[in-house]
Amino acid sequence: MTSDKDKTTVGRLKSRPQFLAVRAGESRRGPLFLLEVLDRNDPEGEARVGFTVTKKHGNAVERNRMRRRLKEAVRLSAGFAMKPGHDYVIVARRDLLNAPFDALTRGLGERIENKPKQKRPPAGSRKQ
């Protein structure tokens with residue numbers, strides 16, 4: 001049995017303005033989902049997560065299955081990697097539906113822990 005100290009609580013994003021605010025943060029792309037991260041500058045606050053599955057990814061049954069898989073992946077493994085005072089929005093992609101669950105949890109953990117690589121400067125911006 002685990003103690004309460006070992007568990008990290010992850011809050012939920014529920015309203016549209018909360019989801020839109022996270023879009024101003026950084027994006028971390030992956031093959032199964034897009035992860036948007038926003039630092040709220042509140043180190044004492046809990047991490048919060050929201051899930052987005054658009055209608056273009058299937059009917060309601062398939063979208064709900066994708067959402068349930070994401071919620072379970074966060075509950076089992078990724079919640080521990082989420083930093084306090086940060087908001088996370090996970091935007092599902094169609095391949096999430098048939099991906100192995102261990103690949104999903106591994107990919108989610110990697111995206112949460114790793115910052116995106118520096119972007120290259122636009123072409124033609126070199127000094128001559």
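The values are calculated or read from the model by the stated rules, or taken from the named source; none is laboratory data. Small disclaimer: the values here were computed from a predicted structure and weren't measured. Glycine gets a Cβ as well: all are built from the backbone with ideal geometry, and neighbour counts include every protein chain shown. Areas reflect the complete protein model, heavy atoms only, side chains present, ligands, DNA and RNA absent. Shrake-Rupley method; radii C 1.70, N 1.55, O 1.52, S 1.80 Å.
Placing R0 at 41 angstrom, the Cβ-Cβ distance between K56 and F80 gives a FRET efficiency of 0.80 after rounding to 0.05. A 1.4 Å probe run over the protein chains yields, for region 1-94, 62 Å² of accessible area per residue, whole-number rounding.
Highest average first, the peptides 18-26, 75-83 ordered by how many other beta carbon atoms sit within 10 Å of their residues are 75-83, 18-26.
Each residue of region 22-34 was assigned a 3J(HN,Hα) from its phi angle through the Karplus expression (A = 6.51, B = -1.76, C = 1.60, θ = phi - 60°), giving 5, 4, 6, x, 8, 10, 10, 8, x, x, 9, 6, 10 Hz with x at Gly and Pro. Remark on G50: its backbone amide H falls under 5 Å from those of L13, Y88, V89, I90, a criterion applied only to residues 5 or more positions apart or on other chains, H modelled at 1.01 Å from N. With the simple spin-label model, which puts each label point 7 Å out from Cα in the Cβ direction, the D42 to R65 separation comes to 3.6 nm.
Taking 0.36 nm per residue of separation and subtracting the current Cα-Cα distance, fully stretching the chain between E26 and N98 would add 23.2 nm. I need the shape label for region 1-101. Rule: rounded when a/c is under 1.5, else prolate if a/b > b/c, else oblate, with a, b, c from the alpha carbon gyration tensor. The shape class here is oblate.
Using r as the Cβ-Cβ distance of Q18 and R106, and R0 as 30 Å, what FRET efficiency do you calculate, to the nearest 0.05?
Calculated transfer efficiency: 0.65.
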